[in-house]
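Data first, discussion second: the structure below is written as structure tokens.
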Amino acid sequence: MKLLSSFLLSATLAMPAVAVSTHKMSVDTDESAGIISKHIYGHFAEHLGRGIYDGLWKQDENGDYIIRDDVIDALKDLGIPNLRWPGGCFADYYFWEDGIGPKEQRPSVVNNLWGGVTEDNSVGTHEFMDLVAELETDPIVVGNVGSGTVEDMANWWQYVNHPGESPMSKLRAENGRAEPWNVEYWGVGNESWGCGGNMRPEYYADLYRRFATFLHPYENVKPFRIAAGAAGADYNWTDVVMERAGDMIDGLDLHHYTIQGSWTTKKGEAVNFDESDWFELMDRAIEMDEIITGHKKMMDKHDPEKRVWLIVGEWGTWHEQEEGSIPGFLYQQNTLRDALTASVTLDIFHQHLDRVKMANIAQTVNVLQAMILTDGEKMLLTPTYHVFDMYKVHRDAVALPIKLNKGKYRYEGESLPALSATASRDKDGRTHISLTNIDPNEARTVEIDLKGMDVSAVKFGRILTAEAMNAHNTFDNPNNLVPVSFDGARVEKGKLIVEMPAKSLVTLEL
Ligand code: AHR
């Protein structure tokens, strides 16, 4: 019933009765702006809150942690390309040897960073590798630089990857796994300017060189070495690290979260917000463009060939955690507002695809801007999950150059670009267009000139929208906000006309 009413709502919204402004867009379907790396659609799972325990894993009747099938199935439907683990800040506190061998012999430690809870190391290397095998996704392992040694990290690398006879491959076999896992993506520390050791970029660059030296290529796998990147707009970090260690870096891991309110006093709330909060969060999300542009400039200075990937290894909205949830667990709800910040951010990544080749939204289940929330046996897919689902058509596709008159979303004397878009052609020659209208009040008509393409009809379209700015899914009503079929696009005199409701995301296949 709810689904039907959402559908009717979207159908109504797709045909606005009042005149709306028209925005011109052109897509060069014969040209290529480059390939959209599938790794931009990556994910992140840290030992934090209920992300790992009670998220990706649950306890069975014996109290043992087992992979949660419903969560895995949902992530498999999404086809996630990679998963970053074990942190986050936790990575620089993590001693991998605590998480191997018989479970009853694994030590319990305190997760001081996140809630001060006991981490009994039930989920360690073997469990994580089993998970990524089930998900058919690429693991990204982040090693401990902040409190670990070069030897620890080199041994971990050897443990997961060495194909022949070595002390660590022997230990791995004793723990039940003879074959190496061939993990390619390897982080050398996390946020080394902060929780990863509070280092200066000069110091980190030297340390990075040292740690990275001992990640040896084997015949089965060559390390893709990822250096800790900057926080937000700290361009000096990128400049120094690239200058001093760029020749040994394959990917540089920038972190930038979108918050409304303030880090130091109070962040905004996930569900209880007004239009001024909506505007502020959208404004902050769009800052990603400026931040990536700034880091690209620094990277271009030291790596004009663009060999080194800019990885946005942690991104997403960060709100005050839900009232009543465990302090330090970063559990937050997820609304239409979060969804549209995600689609706008993915568009920005696509616009920088010459450098941005990988990104990881934080964090997969029950933490920050999650794809999935769980409550006991219950599970729901968040609006952000649906954005990733609608956008999966763009993965590994050829980005088509677009020109878009974005218009203005005005609020109390300020304005933001109202529209955002991506167009791409996939391996089977299908063309897809995604359009976002962040304006919560005004519908807009987009008139698209598809240069080089004779379009006769729209094959299908989906829309994510709602009447309320804070529409979200709950365990009692998990399908309150889901994408529905969109009938607001038509071809008229060779042009594609799309009627975008206020606060909506549409994806079309032509
Ligand atoms: O994702 C939560 C935390 O945010 C991560 O542990 C850290 O890397 C970042 O500051």
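Of note:
- Matching residues, the stretch 83-137, being open to solvent by 70 Å² or more (accessible area, probe 1.4 Å) and over 20 Å from the mean Cα position of the chain (by Cα): Tyr93, Phe95, Glu97, Lys103, Glu104, Gln105, Ser108, Val110, Asn112, Thr118, Asp130
- Checked against (1) under 14 Å from Val356 (Cβ atoms); (2) within 16 Å of the ligand (Cβ to nearest atom); (3) more than 20 Å from the chain's Cα centre (by Cα), Asp234 passes all but condition (1).
- Flag for Gly124 being closer than 15 Å to Leu56 by Cβ and touching a helix residue (DSSP H, G or I) at 6+ places or on another chain (Cβ under 6 Å): yes
- Sole residue being crowded, with 17+ Cβ neighbours inside 10 Å, of a type in the set (A, V, I, L, M, F, W, C) and either free of Cβ contacts under 8 Å to residues at least 60 places away in the same chain or touching a strand residue (DSSP E or B) at 6+ places or on another chain (Cβ under 9 Å) (or both), chosen from Val221, Val183: Val183
- Selection status of Val498, open to solvent by 10 Å² or more (accessible area, probe 1.4 Å) and either more than 23 Å from Tyr385 (Cβ to Cβ) or more than 25 Å from the chain's Cα centre (by Cα) (or both): no
- Subset of the stretch 303-323 that is closer than 16 Å to Ile226 by Cα and either free of Cβ contacts under 8 Å to residues at least 24 places away in the same chain or more than 16 Å from the ligand (Cβ to nearest atom) (or both) - its residue that is most open to solvent (accessible area, probe 1.4 Å): Arg307
- Verdict on Met298 being more than 16 Å from the ligand (Cβ to nearest atom), out of contact with any strand residue (DSSP E or B) (no Cβ under 8 Å at 6 or more places or on another chain) and closer than 28 Å to Leu310 by Cα: yes
- Taking residues in the stretch 189-200 that are free of Cβ contacts under 8 Å to residues at least 12 places away in the same chain and farther than 14 Å from Tyr93 by Cβ, and partners anywhere that are open to solvent by less than 40 Å² (accessible area, probe 1.4 Å) and within 10 Å of the ligand (Cβ to nearest atom), the pairs with Cβ atoms closer than 9 Å and at least 6 places apart or on different chains are Met199/Ala228.
- Among the residues of the stretch 324-335, those that are away from the ligand (no atom under 13 Å from the Cβ) and crowded, with 18+ Cβ neighbours inside 10 Å comprise Gln333, Asn334, Thr335.
- Just one of (1) within 30 Å of Ile291 (Cα to Cα); (2) away from the ligand (no atom under 16 Å from the Cβ); (3) surrounded by 14 or more Cβ atoms within 10 Å (Cβ to Cβ) fails for Glu202. It is (3).
- Meets criteria (away from the ligand (no atom under 16 Å from the Cβ) and farther than 17 Å from Ile286 by Cα) for Thr445: yes
- Qualifying residue in the stretch 68-81 (condition: open to solvent by less than 10 Å² (accessible area, probe 1.4 Å), among the charged types (D, E, K, R), within 14 Å of the ligand (Cβ to nearest atom) and in contact with a Gly (Cβ under 8 Å, 6 or more places away or on another chain)): no
- Any pair with Cβ under 7 angstrom, 6 or more apart, that starts in the stretch 271-284 at a residue that is open to solvent by 30 Å² or more (accessible area, probe 1.4 Å) and ends at one that is among the aliphatic types (A, V, I, L, M): Asp283/Leu416; Arg284/Ile259
The values are calculated or read from the model by the stated rules, or taken from the named source; none is laboratory data. Just so we're clear, the structure is a prediction, and the values are computed from it rather than from any experiment. Heads up, the Cβs are rebuilt from the backbone with ideal geometry, glycines too, and the neighbour counts pull from every protein chain shown. For accessibility, only protein heavy atoms count, side chains too; no ligands or nucleic acids. Shrake-Rupley method; radii C 1.70, N 1.55, O 1.52, S 1.80 Å.
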